[in-house]
Amino acid sequence: MGNFLEDLVHQLMDVTMEDDDQRALTAKFHKLKREVINDVRDIFPHGQITPATLGIKGLRVKLPPKDPNDTSGPDLPGSSSASAIPEVISIFNAYVQNELPTYLIYVPDKRLVGRNEVKRMFRKEVAVVTEEVIHSRLLDLKESCPTAEREDAIRDIVKDTLKFAVLSHRWLDSGEPTFYDILKSFKPYGYEKLEKFCQKASEFGCRLAWSDTCCINKDSSTELEEAIRSMFKWYRDAHVCIAFLSDTTSIDDLHEDVWFTRGWTLQELLAPWRMKFYVGNWQPLTSDLNDKENFEVMAALSRTTRIPLDDLRHFQPGTHNVHEKMMWASTRTTTRIEDVAYSLIGIFDVSMMVAYGEGKRAFYRLIEAIIHKCYRPLNPVDSNDALLPSTVWRGDQNIVMTKRGLQIQVLLVDLSQQEATIYEKTGTKAVQTNAYSSYTAGVVDYWCYDASGDGVLQPEQEHLCVLLRPDPRNPYAGWRKIETPNLVTIRTESKLRRTLTSVWL
């Protein structure tokens, strides 16, 4: 009867619904079906719904066979789950709900599992954690971190139980397994790569895995946005990042791989603490468990990407060295133009909404978010002004995106008047130059000491600026930004106070 009703529903869907709607509804149906089966199994582990003591003939429920290794059964009275340490269960639930990806692949049978199912699958394992285990883990943590506490030890145990692998790769032009493919057990051309990834994940002791091809429900804008904004963290928290370089055969031709030209793989290279590279035939690039500890590999990666070794091995996200990070990303491309910005959210550790269809505006919003984080209100003590008021800040605190572009207040300095010395940043060095003396500098990190609308440049301090010139096509429109290959700064010999000017970039 159940199969008849299911077939009837599918026939009605074929007649009345579009393909995309059918796929979405089918996915929800299969997910609900699995949840009902699991709930029935938890409540009635032997399929007996009506107890015989009631004088009614018991009804047997035929359920799909259960994996004998599955420990997600019901928490019976007197079981280990019922006597679990409450703090362990609380940290476990919070970790699954807030820090794991929305969907993961359960490696043993290569099926998608959501957060609630992960809780059911692993709850019994964390429920048997004892005080002795916690104390032992805490002693281990204190060897490297003397300030570690009991909560840190529990969290470390939970994270070790739920360790997962992530995949970094270059997408095929077609045939990558999608979210719905995995839900329906369909195996397209690219499924073999997913199988190999799961095999390698298993070799690292991971029962959970995550791939950007099939673990994101792209039909849900909420889930897609969460994935994009959380992706850097997921790669950082993963037990291992398995990177598949399909065009590589050895370290010698590593630099030729297309993987290094893709936008999203930059954060996939920087975020993980442990990374394992596999070449075209899924052979390991080295014999090391962590290729980030192999100097030869890291040196080759540094030459290819021009990223310093320290950043490759111990990268810290944030808005420091903005120009350098932008240079790392400048040689990479993305299929969607918005992803140029979205792929850098985690690297700069900024927050911005995801809105596909906005085009280049996404990058402007990224710059806006970076500037806001860079130039938030400060309370410095400057060597030239020992007693500064508590309301001192630097830069425009009300940057907004408008129809004309990014609106920001700058302090204008005419460089042709030789009021300032111009420097160009090349790497970590600032080199004096006269190449831009015909332009106007729009200083963005000026000092503000009051609400008068004036900005101040302190003598002999380095100030970041954008180069501007009047728009020759529309002299009434204001200023146009000049593109420069490197960061430009200026210094003045004396204190300079000017009224701020709004420009649109």
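Here are the numbers for this structure:
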item: Of Lys292/Lys373; Lys159/Lys276; Lys124/Lys187; Lys124/Lys218, those spanning more than 23 Å from alpha-carbon to alpha-carbon; result: Lys292/Lys373; Lys124/Lys187; Lys124/Lys218
item: Rounded to the nearest 10 Å², the accessible area of Tyr436 at probe 1.4 Å; result: 30
item: Radius ratio Rg over Rh of the stretch 214-290, counting only Cα atoms, Kirkwood formula for Rh; result: 1.02
item: Heavy-atom accessible area order for Glu462, Glu176, largest first, 1.4 Å probe; result: Glu462, Glu176
item: Placed amide H near Ser246: partners under 5 Å, 5+ positions off or other chain; result: Arg170
item: For Arg480, distant residues with modelled amide H under 5 Å away; result: Arg469, Asp471
item: P(r) tail fraction, the stretch 413-505 - alpha-carbon pairs more than 18 Å apart, %; result: 46
item: Nearest-10 value in Å² for the accessible area of Ile422, using the 1.4 Å probe; result: 10
item: The stretch 122-137 - phi-based ³J(HN,Hα) in whole Hz, Karplus 6.51/-1.76/1.60, Gly and Pro as x; result: 10, 4, 5, 5, 7, 6, 8, 5, 9, 4, 5, 5, 5, 5, 5, 5
item: Listed residues Asp396, Asp349 arranged by accessible area, highest first, probe 1.4 Å; result: Asp349, Asp396
item: Karplus (6.51, -1.76, 1.60) ³J(HN,Hα), θ = phi - 60°, over the stretch 149-160, in Hz, Gly and Pro reported as x; result: 10, 4, 4, 5, 5, 5, 4, 5, 5, 4, 4, 5
item: Fraction in percent of alpha-carbon pairs per bin - 10 Å, the stretch 150-211; result: 20, 41, 25, 11, 3
item: Residue order for His169, His372, His30, His255 - accessible surface, 1.4 angstrom probe, largest first; result: His255, His372, His30, His169
item: Computed accessible area, Arg229, all protein chains, 1.4 angstrom probe, square angstrom; result: 100
item: Derived scalar couplings ³J(HN,Hα) [the stretch 482-495; Karplus, 6.51 cos²θ - 1.76 cosθ + 1.60; whole Hz; x for Gly, Pro]; result: 9, 6, 10, x, 10, 5, 10, 10, 9, 9, 10, 7, 10, 5
item: Cα-based equivalent ellipsoid, the stretch 69-220: semi-axes from gyration tensor eigenvalues, Å; result: 32, 18, 13
item: Descending Cα extents along the principal axes, the stretch 132-284, whole Å; result: 50, 41, 26
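The values are calculated or read from the model by the stated rules, or taken from the named source; none is laboratory data. Computed from a prediction, not measured in an experiment: that's the story for all the values here. The area values use the complete protein model at the heavy-atom level, side chains included, leaving out ligands, DNA and RNA. Shrake-Rupley method; radii C 1.70, N 1.55, O 1.52, S 1.80 Å.
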